[in-house]
Amino acid sequence: MQATGPTRAPAVSSAAPASDNDGVTIARSLLLFLLAGVAEIGGARLVRQGVPENRGLLFVAAGMLALAGYGFVAAPQPDPHFGRVLAAYGGVFVAGSLDWAVLVDRFRRDSFPATFTKTCGPSTAGCTATWTDTWR
């Protein structure tokens with residue numbers, strides 16, 4: 001006689017299989033990181049300018065909406081592990097912030113930011129390159 005009772009369905013992973021880590025997935029991740037960077041850095045800049053310079057509630061609200069949008073843009077990354085995505089994005093944020101400072105604020109880089117960017121780049125690449133089942 002067989003035992004009866006509740007059966008458990010096999011666990012389903014929300015992670016993409018290793019074979020899905022192709023050029024399209026990588027391009028999508030890079031685009032999401034770029035959009036997240038623009039939303040976060042741009043939103044923070046709007047708030048940072050709006051509050052001390054008294055530019056008005058709509059100016060600050062636009063920055064707050066951009067910052068909220070960052071969370072939604074970052075959410076569909078293919079890796080289900082929040083910490084890994086956030087660690088990879090950290091490098092993108094540092095490099096993007098320094099690039100924003102040079103391109104928008106006309107900041108002149110010295111050796112420290114250039115070295116910092118070179119350090120964050122490989123770290124970010126390492127985090128995103130391991131978005132396969134081999135490290136889980």
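Only residues in region 8-35 that are at pLDDT below 55 count as the first member; pair them with residues that are of a type outside the set (K, R) and assigned to a helix (DSSP H, G or I), Cβ under 9 angstrom, at least 6 apart or cross-chain, and list the lot.
Matching pairs, first to second residue: S13/D133; A15/D133; A16/T25; A16/D133; P17/D133; A18/D133; A18/T134.
For region 48-56, indicate whether the set of residues that are aliphatic (A, V, I, L, M), surrounded by fewer than 19 Cβ atoms within 10 Å (Cβ to Cβ) and more than 19 Å from D105 (Cβ to Cβ) is non-empty. Break it down into steps so the answer makes sense when it comes.
Step one: list which residues in region 48-56 are aliphatic (A, V, I, L, M), which gives 51.
Checking which are surrounded by fewer than 19 Cβ atoms within 10 Å (Cβ to Cβ) leaves us with 51.
With more than 19 Å from D105 (Cβ to Cβ) added as a condition, the list becomes none.
No, region 48-56 has no match at all.
Within region 50-79, track down each residue that is over 30 Å from V24 (Cα atoms), assigned to a helix (DSSP H, G or I) and hydrophobic (A, V, I, L, M, F, W, C). It would help to see each step written out before you state the result.
Filtering region 50-79 down to residues over 30 Å from V24 (Cα atoms) leaves 50-64.
Going one step further and asking which of them are assigned to a helix (DSSP H, G or I), we end up with 50, 57-64.
Result: L57, L58, F59, V60, A61, A62, M64.
The values are calculated or read from the model by the stated rules, or taken from the named source; none is laboratory data. The model shown is predicted, which means the values in this text are computed figures rather than measured ones. Quick reminder, even Gly has a Cβ in these numbers, built from the backbone with ideal geometry, and neighbours come from all protein chains shown.
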